[in-house]
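Visitor: Would you mind keeping the following structure in view while I ask a few things?
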Amino acid sequence: MTHASAPDASLRAHSDDASDPFASARRAAGRLAALTGAATHDAAVVMGSGWVPAADALGAPDHEGDVTDLPGFPAPAVAGHSGRFRSVRVGDKRVLVLLGRTHLYEGRGVAPTVHAVRTAAAAGCSTMVLTNGCGAIAPEYRPGQAVLLRDHLNLTCASPVRGAGFVDVTDLYTPRLRALGREIEPSLREGVYVQLPGPHYETPAEVRMLRAMGGDLVGMSTALEAIAAREAGMEVLGLSLVTNMAAGTTGAPLEHREVLETGRDSAARTGELLAHVLRRL
Ligand code: 8IG
């Protein structure tokens with residue numbers, strides 16, 4: 001019976017999505033609740049490049065689906081980003097796990113890249129865990145190493161915030177959650193993550209520039225999502241997996257295959273780390 005009105009509703013949804021990303025996120029959260037039977041979720045995790053193989057360590061999902069079943073989610077285009085979501089019980093928390101993300105370089109604009117974060121907020125999540133695969137600028141880092149984000153350089157020249165929303169990002173990556181991460185894994189280092197638009201990697205000269213600017217890690221995600229999470233009032237934890245040394249630091253060429261291999265090799269450790277963090281939020 002709802003089928004007869006569906007075309008109309010979806011047309012309306014499209015014009016709303018363009019004008020009000022928060023309304024779109026509320027619709028996605030409503031659909032998530034309907035699909036999972038969970039009225040709310042407590043925390044959300046975006047599994048970025050190299051982290052997807054770690055998802056199983058969070059436990060068997062009570063529900064898994066395609067993100068495209070939720071309003072406003074475009075299909076991700078990159079290999080290793082499966083574009084699925086899970087609802088998983090971790091300890092006493094109901095966790096929304098997003099396997100893959102929409103990137104700025106897909107050319108759809110900023111709003112689609114932060115839609116998952118806003119959907120998580122609309123679903124009730126008070127904690128946003130953002131993971132990514134990245135290149136290491138700091139020479140002491142090694143592929144396979146997980147690093148806590150202490151801060152970021154948003155070099156996209158973009159913002160998810162519209163209008164006079166002067167969001168305070170002084171302690172964007174919540175000190176409390178960083179302390180928790182270090183407590184669980186004392187060997188975890190903290191670094192400054194640089195988000196560039198991509199999709200090309202850096203030149204060696206750009207890597208030297210980023211190092212001079214105070215960057216330790218470089219990738220193509222996370223900073224804009226972290227800003228959107230803060231705007232939505234969530235606490236943010238950022239975790240990078242170093243999958244390669246940034247261009248020019250070793251002389252080796254960069255390949256996406258490395259990302260996938262490093263992720264598979266590190267899945268046991270990164271999965272355990274995430275599971276422990278989520279259990280103790
Ligand atoms: I995985 O070295 C991954 N993503 N910009 N540079 C940039 N993005 C990345 C890199 C990298 N590695």
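Visitor: Under a point-charge model restricted to the Cβ atoms of Lys and Arg (+1) and Asp and Glu (-1), what is the dipole moment magnitude of the chain relative to its Cα centre, in debye to the nearest 20?
Guide: Here the size comes out at about 300 debye.
Visitor: Of Phe166, Phe85, Phe73, which has the largest mean-square fluctuation in a 10 Å C-alpha GNM of the chain?
Guide: Among Phe166, Phe85, Phe73, the largest mean-square fluctuation in the Gaussian network model of the chain belongs to Phe166.
Visitor: Hey, what's the chain come to in accessible area per residue, 1.4 Å probe, Å²?
Guide: 43
Visitor: Ok, one more. Collect residues whose amide H, placed 1.01 Å from N in the peptide plane, falls under 5 Å from the amide H of Ser49; neighbours closer than 5 in sequence don't count.
Guide: So Ser49 has HN proximity to Gly133.
Visitor: Something else: Using only the alpha carbons of the stretch 26-140, what is the convex hull's orientation-averaged projected area in square nanometres?
Guide: Numbers: hull surface 31.2 nm².
Directional mean of the projected Cα hull area for the stretch 26-140 stands at 7.8 nm².
Visitor: Express in Å², to the nearest 10, the accessible area of Tyr141 obtained by rolling a 1.4 Å probe over the protein heavy atoms while all chains stay in place.
Guide: It works out to around 10 Å².
Visitor: Let me ask something else about it. Summing Lys, Arg as +1 and Asp, Glu as -1, what charge do residues with Cβ under 12 Å from the Cβ of Ala232 carry, Ala232 excluded? Intermediate values should be presented prior to the final figure.
Guide: Numbers: positive: Arg26, Arg118, Arg230; negative: Glu225, Glu231, Glu235.
Summing Lys and Arg as +1 and Asp and Glu as -1 gives 0.
Visitor: Mind running the shape call on the stretch 49-205? Use the C-alpha gyration tensor, a ≥ b ≥ c as the square roots of the eigenvalues: rounded below 1.5 for a/c, prolate if a/b tops b/c, oblate otherwise.
Guide: Because its axes are fairly even, with a/c under 1.5, the stretch 49-205 counts as rounded.
Visitor: Stokes-Einstein at 4 °C, 1.567 mPa s, Kirkwood radius from Cα pairs: D for the stretch 187-281 in µm² s⁻¹?
Guide: The Stokes-Einstein estimate is 86 µm²/s.
Visitor: Let me ask another. Is the shape of the stretch 151-238 best called rounded, prolate or oblate, per the rule: a/c under 1.5 gives rounded, else a/b larger than b/c gives prolate, else oblate, with a ≥ b ≥ c the square roots of the Cα gyration tensor eigenvalues?
Guide: Oblate shape, in that a/c is at least 1.5 and b/c is the bigger or equal ratio.
Visitor: When the accessible area of the chain is computed with all protein chains present and a 1.4 Å probe, what percentage of it is carbon and sulfur?
Guide: 54
Visitor: Using amide H atoms built 1.01 Å from N in the peptide plane, name the residues 5+ places from Leu239, or on other chains, whose amide H lies under 5 Å from its own.
Guide: Those qualifying (amide H under 5 Å, at least 5 residues apart or on another chain) are Leu130, Thr131, Asn132, Leu149.
Visitor: Moving on to the next point. Sort Glu190, Glu185 by heavy-atom solvent-accessible area, probe 1.4 angstrom, most to least.
Guide: The most accessible residue leads, giving Glu185, Glu190.
Visitor: A further question follows. Treating each Cα of the chain as an identical point scatterer and ignoring solvent, apply the Debye formula and state log10 I(q)/I(0) at q = 0.08, 0.15 Å⁻¹.
Guide: These q points yield log10 I(q)/I(0) values of -0.31, -1.10.
Visitor: Quick one: how many Å² of Thr203 are accessible to a 1.4 Å probe, rounded to 10?
Guide: Approximately 60 Å² for this residue.
Visitor: May I pose another question? From the helices alone, meaning DSSP H stretches of at least four residues, give me the mean residue ellipticity at 222 nm for the chain, per-run term -39500 (n - 2.57), in deg cm²/dmol to the nearest 500.
Guide: -11000 deg cm²/dmol
Visitor: Does the stretch 75-150 come out rounded, prolate or oblate, given a ≥ b ≥ c as the square roots of the eigenvalues of its C-alpha gyration tensor, rounded meaning a/c under 1.5 and, failing that, prolate meaning a/b above b/c?
Guide: Judged from the Cα gyration tensor, the stretch 75-150 comes out oblate (a/c at least 1.5, b/c at or above a/b).
Visitor: I would also like to ask the following. By per-residue mean of other Cβ atoms within 10 Å, what is the highest-first order of 204-210, 44-50?
Guide: 44-50, 204-210
The values are calculated or read from the model by the stated rules, or taken from the named source; none is laboratory data. No experiment lies behind these values; they were computed from the predicted model shown. Cβ atoms come from the backbone with ideal geometry, glycine included; neighbour counts cover every protein chain shown. These accessible areas exclude ligands, DNA and RNA; they are computed on the full protein's heavy atoms, side chains included. Shrake-Rupley method; radii C 1.70, N 1.55, O 1.52, S 1.80 Å.
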